[in-house]
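Okay, structure first, notes after.
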Amino acid sequence: MKSLLILTAAVAATAWVAGRHLPGKAEAQPMVSQTQEVQSVSLDGGRGLPLASLRDVLDTQPGEQLDANRLVQDRAALQAELESRGYLAARVEPAVVTFRASGGAYITFSITAGPVYKLRSVNVKGASVKDTSVVTLIAGDDAIASRIERARQTLADNLGRRGKPANVTVALRMDPKAAAVDVDLVSK
């Protein structure tokens, strides 16, 4: 009985050691703990997303040394890019770094995009109807940050040309259940 117990322990230990040292075996690491060269950066869950644009905002590139601070910045940049494109409920998970025994680090960012938010209403306050005719945002448009900013700037420029106060601010009200945004352009 004693020899059976010793034999079982020896087999288990051998299997554990062999499993830990198999070539190509990966270990997922939520935090960077090794200095390795980046082999690849992947974006998971990106179905229907502008992957080329998302890759453009990444600072971490294959061939460079792995940097934990850069991965945090990359996550924030991905989040900001998604939000600027109307994915206001998007979530980008922290990078998962997988180290391979053959060398190199493989990075994965998991993305849950959610819906593209739409403009539910666009209101201009503090300006005449004539002044607001330059605002081209309408209900149903995607809630794209650059378009909203362009509408704000265009209204401010138009008011300035007409000798009126050119300070225009944007107030947004989000409705997550409806994936909608109400936009107020306020002239002061």
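Evaluating 6.51 cos²θ - 1.76 cosθ + 1.60 at θ = phi - 60° for every residue in the range 83-88, the Karplus couplings come out as 5, 5, 9, x, 8, 6 Hz, glycine and proline recorded as x.
The alpha-carbon atoms of the range 118-187 define a convex hull whose volume equals 66 cubic angstrom per residue. The alpha-carbon of K164 sits under 15 angstrom from the alpha-carbons of these aspartates and glutamates, leaving out residues fewer than 8 places away in its chain: D131. Summarised in one figure, the compactness ratio Rg/Rh of the range 25-112, Cα atoms and Kirkwood Rh, is 0.97. Here the range 25-112 is treated with +1 on each Lys and Arg Cβ and -1 on each Asp and Glu Cβ, and its dipole about the Cα centre works out to around 240 debye. Taking all Cα pairs closer than 8 Å and separated by 6 or more residues, the relative contact order of the range 118-187 comes to 42 percent.
Since every read-out is calculated from the coordinates, none of them should be taken as a lab result. From a predicted model like this one, the values you see are computed outputs, not experimental measurements. Positions of Cβ are generated from backbone atoms using ideal geometry, with glycine treated the same way; all protein chains shown enter the neighbour counts.
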